[in-house]
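The values are calculated or read from the model by the stated rules, or taken from the named source; none is laboratory data. In this text the structure is predicted, and so the values were computed from the model without any measurement. All Cβ positions, glycine included, derive from the backbone under ideal geometry; neighbour counts span all protein chains shown.
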Amino acid sequence: MFIGEAPGQKEDELGRPFVGPAGQLLDELLQSIGLRREDVYISNVVKYRPPGNRDPTPEEKEQCMPWLKKEIAILRPRVICPLGRHALGHFFSTLSITAVHGKALALTDAMTVFPIYHPAAALHNPGLRKALFDDFAALQRFLTRASSSASSVSSSP
C-alpha cells in the first residue's frame, strides 16, 4: 500500500490518486522493481485537494484519518509505503523522511512501514531521483526477503 499526501490538480479532476506527473514517476518506479499499478493499492492521507494546492493542515489530516484507518483495516497490508513527510507523520510523527526513507520500520508484528520520498519531491528537486530509485530497489529487496521468509514459515511442518 502506497500513501501520498493529498490529490494534486490532475488527481482532483479525475478522482484517482497519482495520475499526474508524480503518478507517472510512481509508475516508472514501480516498473523498476517489477510491479504495476494494478499490483498495489494507492491512497492519500487527505482525500481532497487543499485550496491553492497548499500543504494539508494538521486539522485536515486529522479529519481524513478515519477513512485512511478504514482502508488500512480493510486491506491489512503487510507493507505500507508512506510517500513523503505528511504520510510518514501519520505513522511516526517524530521521524524525519530524510532520516528514514528507504528503511523498513516495524509498525506491528504483521505490518511494516517503508517510508519513501514523495515522487513529486524528485520532480521539484531532480537530485532526489536517484534516492527514489535506490529506495525502490531497497523496497524490492525487503519484499523479496519478506516473501521468502513467509513461504519458509508456511511450508514448515
Across the stretch 1-58, what is the number of residues that are over 22 Å from Leu107 (Cβ atoms), β-branched (Val, Ile, Thr) and within 16 Å of the chain's Cα centre (by Cα)? 1
Hey, among the residues in the stretch 97-151 that are among the hydroxyl-bearing types (Ser, Thr, Tyr) and under 23 Å from Pro7 (Cα atoms), which one's surrounded by the most Cβ atoms within 10 Å (Cβ to Cβ)? Tyr117
Looking at the structure I just gave you, is Pro50 modelled with pLDDT under 95, in contact with a helix residue (DSSP H, G or I) (Cβ under 8 Å, 6 or more places away or on another chain) and either buried (at least 18 other Cβ atoms within 10 Å of the Cβ) or farther than 18 Å from Phe114 by Cβ (or both)? yes
From the list Leu132, Leu107, which residue is more than 18 Å from Leu35 (Cβ to Cβ) and either charged (D, E, K, R) or in contact with a helix residue (DSSP H, G or I) (Cβ under 8 Å, 6 or more places away or on another chain) (or both)? Leu107
Just a yes or no: is a residue in the stretch 66-75 of a type in the set (Val, Ile, Thr), surrounded by 16 or more Cβ atoms within 10 Å (Cβ to Cβ) and not in a helix (DSSP H, G or I)? no
With the requirement that a residue be within 20 Å of Pro17 (Cβ to Cβ) and over 9 Å from the mean Cα position of the chain (by Cα), what does the stretch 80-100 give you? Arg85, His86, Gly89, His90, Phe91, Ile97
Identify the single condition in (1) part of a helix (DSSP H, G or I); (2) of a type outside the set (Val, Ile, Thr); (3) at pLDDT 95 or above; (4) at positive phi that Gly34 does not satisfy, given that it satisfies every other one. (1)
Are any residues in the stretch 86-131 within 20 Å of Ala73 (Cβ to Cβ) and either of a type in the set (A, V, I, L, M) or not in a loop (DSSP other than H, G, I, E, B) (or both), and if so, which ones? Ala87, Leu88, Gly89, His90, Phe91, Leu105, Ala106, Leu107, Ala110, Met111, Thr112, Val113
Would you confirm whether any residue within the stretch 39-49 is within 24 Å of Lys130 (Cα to Cα), free of Cβ contacts under 8 Å to residues at least 60 places away in the same chain and of a type in the set (Asp, Glu)? yes
Of (1) β-branched (Val, Ile, Thr); (2) part of a loop (DSSP other than H, G, I, E, B); (3) surrounded by 14 or more Cβ atoms within 10 Å (Cβ to Cβ), Ile80 fails just (2)
